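Worksheet for the structure shown next.
The values are calculated or read from the model by the stated rules, or taken from the named source; none is laboratory data. Computed from a predicted structure; not experimentally measured. Positions of Cβ are backbone-derived with ideal geometry, glycine not excepted, and every protein chain shown enters the neighbour counts. Each accessible area value is taken on the protein alone, full model and side chains, heavy atoms only, with ligands, DNA and RNA left out. Shrake-Rupley method; radii C 1.70, N 1.55, O 1.52, S 1.80 Å.
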Amino acid sequence: MKHDSSLYAGFCTSFGWIESGLRCLPDKRKGDDATYTMTDIGLSAFSLFFMQSESFLSYQRSLEEGRKTSNCHTLFGMAKIPTDNHIRSMLDPVHPSHLQSSFDQVVAALREKGGMKEFQRLGGRALIALDGTEYFCSYKLGCPHCLTRKRSNGKTEFYHSMLAATIVAPGHNMAVPLMPEFIAKQDGAEKQDCERNAAKRWLTTHCER
């Protein structure tokens, strides 16, 4: 495929873009005695999804204790590895919109390097696919932001879902993820949220960009 080198150039520094975005996350702690930076906390959460292993951090902590180094240091550039509970405590209050800059930097780099040309169709336009997906589901665990549904067994199921936005192109074997829109009950709304409403919000927020 032509221009693959320019396309991959847009991804080669993705960890740096992610790190720069995480560096700006709001910190609810007071004072300068924090053991873990928000960057390390954010990268720790990201590493679980990147490695697709829920036990990744616990294994890396054991490596750190025994060998004084780990893949968290060498691959992700983390200084210290926080505990799972500390990650949840620090990241739960942070609004996802703080990650917008990381997505924007990827698209900007692709455009600068000429990689976006590979995705252009229909007179130079970019095609964006919108698709809903669930990323959490439980009968026992729930939170104020959960959506709910009654199952045939009479039990209530709690779940989280989002509308994923991705730049795609026919005949192209790669895709570029954009900032998603989370499907959750909106302030002042009585009914549950849905993919259609999430798509309207996504277009309102990101269409001009």
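Taking the stated definitions as given, is Ala189 open to solvent by less than 70 Å² (accessible area, probe 1.4 Å) and either assigned to a strand (DSSP E or B) or touching a helix residue (DSSP H, G or I) at 6+ places or on another chain (Cβ under 8 Å) (or both)? Steps first, answer last, please.
Numbers: open to solvent by less than 70 Å² (accessible area, probe 1.4 Å): yes; either assigned to a strand (DSSP E or B) or touching a helix residue (DSSP H, G or I) at 6+ places or on another chain (Cβ under 8 Å) (or both): no.
Criteria not met by Ala189.
Taking the condition of being over 14 Å from the mean Cα position of the chain (by Cα) and β-branched (Val, Ile, Thr), how many residues in the stretch 153-196 meet it?
Selection size over the stretch 153-196: 4.
For residues that are touching a residue at least 60 places away in the same chain (Cβ under 8 Å) and touching a strand residue (DSSP E or B) at 6+ places or on another chain (Cβ under 8 Å), scanning just the stretch 116-169, find the one that is nearest to Ala184 (Cα to Cα). Please lay out each step first, then the result.
Let us first name the residues in the stretch 116-169 that are touching a residue at least 60 places away in the same chain (Cβ under 8 Å), namely 117-118, 130, 132, 167.
Still in the list and also touching a strand residue (DSSP E or B) at 6+ places or on another chain (Cβ under 8 Å): 130, 132, 167.
Details: Leu130: 16, Gly132: 12, Ile167: 23 Å.
Applying the filter and picking the extreme gives Gly132.
Restricting the search to the stretch 90-111, which residues are among the charged types (D, E, K, R) and crowded, with 16+ Cβ neighbours inside 10 Å?
If the condition is that a residue be among the charged types (D, E, K, R) and crowded, with 16+ Cβ neighbours inside 10 Å, then Asp104 is the only one that fits.
Anything in the stretch 124-144 that is of a type outside the set (A, V, I, L, M, F, W, C) and open to solvent by 80 Å² or more (accessible area, probe 1.4 Å)? List them, or say none.
We begin by selecting, within the stretch 124-144, every residue of a type outside the set (A, V, I, L, M, F, W, C); these are 124-125, 131-135, 138-140, 142, 144.
If the condition is that a residue be of a type outside the set (A, V, I, L, M, F, W, C) and open to solvent by 80 Å² or more (accessible area, probe 1.4 Å), then Arg125, Asp131, Glu134, Tyr135, Tyr139, Lys140, Pro144 are the ones that fit.
Could you list, ordered by first residue, the pairs with Cβ atoms under 6 Å in which the first is in the stretch 43-71 and in contact (Cβ under 8 Å) with a residue 24 or more places away in the chain and surrounded by 14 or more Cβ atoms within 10 Å (Cβ to Cβ) and the second is of a type in the set (Val, Ile, Thr) and assigned to a helix (DSSP H, G or I), at least 6 apart or interchain?
Within 6 Å, the pairs are Ser44/Ile87; Ala45/Ile87.
What's the number of the only condition in (1) in a strand (DSSP E or B); (2) of a type in the set (A, V, I, L, M); (3) surrounded by 14 or more Cβ atoms within 10 Å (Cβ to Cβ) that Met174 fails to meet?
(1)
Looking only at residues that are open to solvent by less than 20 Å² (accessible area, probe 1.4 Å) and of a type in the set (A, V, I, L, M, F, W, C) in the stretch 26-42, which one is farthest from Ile87 (Cα to Cα)?
Per the criteria, the residue is Met38.
If you take the residues of the stretch 192-209 that are open to solvent by 30 Å² or more (accessible area, probe 1.4 Å) and touching a residue at least 60 places away in the same chain (Cβ under 8 Å), which of them is nearest to Phe119 (Cα to Cα)?
Arg209
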